[in-house]
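To keep things clear, I will list the structure first and then write my remarks on it.
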């Protein structure tokens, strides 16, 4: 499926006091409806630029080659750009000349897949947490997770799921980069040993 961006005229832009807010208000009142699937972020940016007239600048980055699936209705062109960039180590800000500049974010992303060490099947609802922080999430039906907007620094990533042993690994987050950390969890023998089977003994007739 391709990328469709249609535009209309939104309501008047609200006055903004802050510098970045004021610049954002100047990029135009057009609204955009996005329907995309199986296209790259870069193709999405081009479609928004061509359909809305918003001036967008970007440089080559691996995250722009990732495919996205975006559905958004009647949002501003700038919010449409943010939707396309969601989940990536990129962000957008408006320059003094009114250009929406896409750049590496000042934060990083940690993503990966959690699977069973025995079967290789993806594990759903596994808890993924950066130890000692607010950053955490659960894996989806395909075992995938993503922690977005993580400040640069050294952390320990902890993965937990009932019936499996806890797994952890040190990770360094760098501004504007994505770290891929996959885990294969091993069945917790101690947890399984706590399961007992009760049978009813009958006296012989």
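Some points to look at:
- Scanning the range 98-120 for residues that are in contact (Cβ under 8 Å) with a residue 12 or more places away in the chain, farther than 28 Å from residue 153 by Cα and not in a strand (DSSP E or B) yields 98, 99, 117, 118, 120.
- Residue in the range 78-93 that is part of a strand (DSSP E or B), buried (at least 20 other Cβ atoms within 10 Å of the Cβ) and in contact with a helix residue (DSSP H, G or I) (Cβ under 6 Å, 6 or more places away or on another chain) present: yes
Okay, residues lined up against (1) crowded, with 20+ Cβ neighbours inside 10 Å; (2) within 29 Å of residue 43 (Cβ to Cβ); (3) touching a strand residue (DSSP E or B) at 6+ places or on another chain (Cβ under 8 Å):
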position: 96; (1), (2), (3): no, yes, no
position: 106; (1), (2), (3): no, yes, yes
position: 119; (1), (2), (3): no, no, no
position: 122; (1), (2), (3): no, yes, yes
position: 131; (1), (2), (3): no, no, yes
position: 136; (1), (2), (3): no, no, yes
position: 143; (1), (2), (3): yes, yes, yes
position: 156; (1), (2), (3): no, no, yes
position: 159; (1), (2), (3): yes, no, yes
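- Residue 109 meets all of the listed conditions (1) modelled with pLDDT of 90 or more; (2) over 21 Å from residue 61 (Cβ atoms) but one, namely (2).
- Filter result for the condition that a residue is out of contact with any helix residue (DSSP H, G or I) (no Cβ under 7 Å at 6 or more places or on another chain), under 12 Å from residue 185 (Cα atoms) and surrounded by 14 or more Cβ atoms within 10 Å (Cβ to Cβ), over 110, 114: 114
- Residue match in the range 187-200 (condition: modelled with pLDDT of 90 or more and out of contact with any helix residue (DSSP H, G or I) (no Cβ under 8 Å at 6 or more places or on another chain)): yes
- Hits in the range 34-77 (condition: out of contact with any strand residue (DSSP E or B) (no Cβ under 7 Å at 6 or more places or on another chain), within 22 Å of residue 96 (Cα to Cα), part of a helix (DSSP H, G or I) and modelled with pLDDT of 90 or more): 46
- In the range 122-174, counting only strands (runs of 3 or more DSSP E) that sit wholly within it, the ones holding 2 or more residues that are in contact (Cβ under 8 Å) with a residue 24 or more places away in the chain and farther than 12 Å from residue 110 by Cα span 153-160.
The values are calculated or read from the model by the stated rules, or taken from the named source; none is laboratory data. Keep in mind the model is a prediction, meaning the values are calculated, not measured. So basically every Cβ, Gly included, is an ideal-geometry build from the backbone, and we count neighbours across all protein chains shown.
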